[in-house]
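One structure is given below, encoded as structure tokens.
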Amino acid sequence: MLRAFQLVDSSSIQLQRWKPLTSLFSSISITNRSFSSSSCCSSSSRRSILFSQISSSRGNCLFRSFRIASISSESSADDVSSSKSFSSTTLQPTAELPKVSFCQWCGAATKQAIPDGDDKPRSICTACDKVAYQNPKMVVGCLVEHDNMILLCKRKIQPGYGLWCLPSGYMEMGESAADGAARETLEEACAEVKVLSPFAHLDIPYIGNSYIFFRAKMASSEISPGPESLDCRFFPPSDIPFDTLAFSSMFVALKLYVEDLKAGQTTKFHYCTINKRPGSSASDIHAYTLVDHFRS
């Protein structure tokens, strides 16, 4: 489940850790339950992550580009995209990251300096001279469709306690993005899913997160809340709780999905950048500008 950076103000952040992976390469077991069940994750059924073969041609790789209208907390929740022409964006500001004070390799203290050939200050070990780079995090999740409805989970953790989101979380080492998305869905909703195709890639430079969401369908008929979910249920597109979503990434992904449905375009792939307003918190889901929208 997503435990994202929670932005406190423009100069500091509260860093929330992600939950550890229960089992990276082995099967994850769950108990079969109905949609109204309240718990999950016993040893009675094995994890089954299925992937469909996705064929593509060069013609399908052509992209049309769009410039997306700004969206702020005062804007209409129904206005997510527009057909303005694309223009490249400049480098966006980022939240101040915690300094790495000690070397992860030898444990010695670090210093802030610009390495040779670099242009940014880094944490450099004073003993072994190794550089501790702080790179963006990859978040993966599933947009699970079942009987013309979408699976959402109500968060049991901060940030966003009690708010809804797509089942998603950080990728683990040793797994693919699709595998991680299916794992997160299993952990948060005890739902075995079949990943169908990529749906959206969303970047939020300000917090250093990159999101990949996949379309998926149920591989079994059971869901129930995992240990980090208060509830999980299927919503018709018209009933998606946009006012109580946890993050801007969820708001954008679900709005794009609903727009595609209305346009009769259910096989689209989206890429766009979400520029969060400096100082905004994770719960300020409208405090952003959406730019550089590519649609395949």
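So the values come out like this:
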quantity: Lysines with Cα under 19 Å of residue 99, excluding same-chain neighbours fewer than 8 positions away; calculated: 111, 120, 130, 137
quantity: Cα→Cβ-extended label distance, 7 Å offset, between residue 146 and residue 231, nm; calculated: 1.6 nm
quantity: Partners for residue 156 among lysines (Cα-Cα distance below 20 Å; same-chain residues under 8 apart left out); calculated: 19
quantity: Inter-label distance for residue 239 and residue 134, nm, one decimal - labels placed 7 Å from Cα along Cα-to-Cβ; calculated: 4.3 nm
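Bear in mind these aren't lab numbers, they're just calculated from the coordinates by the rules spelled out. Note that the structure is predicted; figures quoted are calculated from it, not measured. Cβ coordinates were reconstructed from backbone atoms using ideal geometry, including for glycine residues, and neighbour counts include every protein chain displayed.
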